[in-house]
Every structure is written in C-alpha cells, then in structure tokens.
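Single-structure report; data block below.
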Amino acid sequence: MIGHLAYAAGSPCPTFVLDAGRLPREDGALLAHLTQARSYLASAGGAHVLKIALIEPSAHPMFDLDYRFVQALPGAPDRFDLRGSCGHSVLASVLAASRSGMLPRLVPGARIRVRVRNNGDSVVCEAERVERDMAGFTVTFVQPSPLPFADLLPDGRPRTVLADGGEQVEVSLVASSNTYAFVDARTLGVADQAALFDAGGRLLERLESLRGAAADLLGWPRGGAFPKIAAVLPGADGGVAARAVTVPGWHPSIALTGAVCLGTAMRIPGTLPWRIAREHGTDDGLVDIITPGGRTAVTAVTSAAGTARDEGALLWATVAHKHVSFQGSFALTPLNHLQFEEVAQCLALSGAV
C-alpha cells in the first residue's frame, strides 16, 4: 500500500493520506492497521504527523471524492479520534488524489467535490493555481439545504456558562464543520490582540480545561480532540483576532474548519463571536480572522441576518487562497533502509526533520 504526505499551509503538521479502498471498513480492524502505519511512520521521524486522511473515488454522483478524517492522538500509536473533520486535510487529500491518479490532474478552475464521511459535510475545492508540487484553492463548505441557526448550536443557546476551576465562564458552542467552543479572551484576563498572541502556557492550560468542560457537557471524552476551542477578541486593526488550540498545543494559525465555524458563529445573533464582530462593524460579508500565523478571510453566507437565531440559516461558507504542497509517496510496509530514507526525505520537505 502507498502512503502520501501533503501539507496545507497553516496546518500544524502534514496529512498522511491513504487509499480507503485498501483498508478494512470496520473500525476495530481499521484502527489496528492505522496503529501499525503510525508505528512505521514514527520510525522514520514522523511521530508528530497526527492527521490521517482516508480517501477513495466517490460512488455518489454528486461527489468526486469520499474522505474520512482520523485524528491521531499523542501518547501512543493506537490512540485516535474519529469524531470530527479537518479542512486542511481535505485539501491535502485532493492534491494527493490528483498526484496519485485517483483523480484527474488538477488544472486551474477545476472543482473537486468532496463528501466528508465523518459529519456529512459537502466541500467544493476550486483550484486557483496549479504548479508541479503545489496548488492553491478556494474552499467552500456547502449546505445541501439551508441549515437553521438553531441547529448549529449544540447546547440550544448562543451562549453557555461552563463551570471551570470554581469559576463560571461564558462560551459559545457552535457546530459548523467542527464543533467549537469560542470564548471572549477578555473574560480570561487577556486585554488585546498583542496579549493574546503573546500568551503562553497559562492561557493554553485554561483553554484546555474549558475544552474539557465543554466535552463533559456534550458527553464526549475529555481525552479526545473534540470539541475544539479558540479564544477570540476584536482585532487590532479590524476583523477578529483568534488563538486556537489543536493537538497537542497551540495551533500555528487556525484550522480551516475553525475559520468556517468562526465565520458562521459571527453570523448567529447572540453568540460571543457575533458580539465581537459587531464591535468593529465586521459582522457582515468578508471577515478577516487574524492569528499568530497570519490572516484568513472567510465569508459565511446566510439566508437572513435577523436579530434572533430562528430568523436565519447557513447556506455556505468560503475560505480563499489556501495553499497545499505535495511532499511525496512511499510504500507502507515494514521499513527497510531505502524506504526509511524515502520517508525521511518526505518529512524533511515538510519541515518535520
């Protein structure tokens, strides 16, 4: 079996892309295979590669590619979370599928329609530019039918109070592409964008603790990767500043699904991101999300922007100018010396070693 490595700019690590058609369908047997694959990858210096994408041509006439995301968890090679998705890994999968022959070669203007098997998302990846080992995309998360705002709130409310460490902290739980808990960083003692980006371990620990409280509320395991969490506040020069947590620490920018979820949350009346966006008058149209890794522009299109959450529905959300590089392919077997060098070279291209 052949494995592929591709890296989407802004992601915390490359994505390890595998052909789902060559793997077991039952979760137990599948995870046993992935445990072995992680062990092989780790032996070549890739223990930090925690994103796995399982892809195959879609049998559905509306889609080109079926995609399933597996979040590998640190600590042991047999720890995984199958609950959520990853937009950066969707893009890595599209490029790997094109390079491997699973899909036709990408050309500018090509639109690849991806069905996300984890959560039912429909993702359209439009190639903006294509080079030998790199492609740029505009990514649109499309709803098959308008999704009412109320259905995007797992707790049924735009704001939820979590008990954490003897304190009550208000968050907004929003489920769009992935489920996120958004917290106004100012309620955690972070004054502005500069302080948010300079914050270290204390804030990270606080956000991880809040994320655990949100997981408890949703009935999800604390030791998993979901829900995600991000601290947000008004940007220094417009837009919304965000600092997100990933596995196993600070995200270098923000997940693609996080940008989509935050953009959506800014359109749902009463949520904390909605309030923050309105402080700068950036509550409509294209919104800049500023992170330590740069800016991401997101547009969430809704059927209405009323004053109550039952007056609108999400239609689609778009993120432009996302870039992916293909790092290489290798045989997924017990590694001999030659294969070890081949995998190590792929990892070196992605900045891993």
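The values are calculated or read from the model by the stated rules, or taken from the named source; none is laboratory data. All of these numbers come straight from a predicted model, not from anything done at the bench. Virtual Cβ from ideal backbone geometry, glycine too; neighbours counted across all protein chains shown. To get the accessible areas, we keep the full protein, side chains included, count just its heavy atoms, and leave off ligands, DNA and RNA. Shrake-Rupley method; radii C 1.70, N 1.55, O 1.52, S 1.80 Å.
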Exercise. Given the alpha-carbon gyration tensor of the chain, what are the semi-axes of its equivalent ellipsoid in whole angstrom, ordered largest first, with each equal to the square root of 5 times an eigenvalue?
Worked result: 33, 23, 19
Exercise. TRP316 accessible area, nearest 10 Å², 1.4 Å probe?
Worked result: 110 Å²
Exercise. Under a point-charge model restricted to the Cβ atoms of Lys and Arg (+1) and Asp and Glu (-1), what is the dipole moment magnitude of the stretch 190-256 relative to its Cα centre, in debye to the nearest 20?
Worked result: 220 debye
Exercise. Using the heavy atoms of the protein chains alone and a 1.4 angstrom probe, what is the accessible area of the chain per residue in square angstrom?
Worked result: 40 Å²
Problem set entry | Residue of ALA42, ALA175, ALA32 that the Gaussian network model of the chain assigns the largest fluctuation, springs spanning Cα pairs under 10 Å | ALA32
Exercise. Got a sec? Charge dipole of the stretch 172-271, +1 on Cβ for Lys and Arg, -1 for Asp and Glu; which of TRP220, MET266, LEU173 is way out at the positive end?
Worked result: TRP220
Exercise. Using unit Cβ charges (K, R positive; D, E negative) and no other charged atoms, how large, in debye to the nearest 20, is the dipole of the chain about its Cα centre?
Worked result: 380 debye
For this session: Given the options LEU65, LEU50, LEU188, state which has the largest fluctuation in a GNM of the chain using a 10 Å cut-off (strictly under) for Cα springs.
Result: LEU188
Problem set entry | Student exercise, the stretch 76-230 dipole from Lys, Arg, Asp, Glu Cβ charges, in Debye to nearest 20 | 640 debye
Exercise. Rounded to a whole number of µm²/s, how large is the Stokes-Einstein D of the stretch 136-271 at 25 °C and 0.890 mPa s, given Rh as the Kirkwood radius over C-alpha pairs?
Worked result: 161 µm²/s
Problem set entry | Relative contact order (percent, whole number), the chain, Cα cutoff 8 Å, 6+ residue spacing | 20 percent
Exercise. Given a cut-off of under 8 Å on Cα pairs at least six residues apart, what relative contact order in percent is computed for the stretch 1-116?
Worked result: 27 percent
Exercise. Given a 1.4 Å probe and every protein chain left where it sits, what share in percent of the accessible area of the chain is carbon and sulfur?
Worked result: 52 percent
For this session: With a 1.4 Å probe and all protein chains in place, put MET134, MET62, MET1 in order of accessible area, largest first.
Result: MET62, MET1, MET134
Exercise. To the nearest 10 square angstrom, how much accessible area does TYR40 have with a 1.4 angstrom probe?
Worked result: 50 Å²
Problem set entry | Top positive-direction residue, dipole computed over the chain with Cβ charges, set ILE112, PHE330, ALA44 | PHE330
Exercise. Alpha carbon centre of the stretch 40-70 versus the stretch 179-245: separation in Å?
Worked result: 27 Å
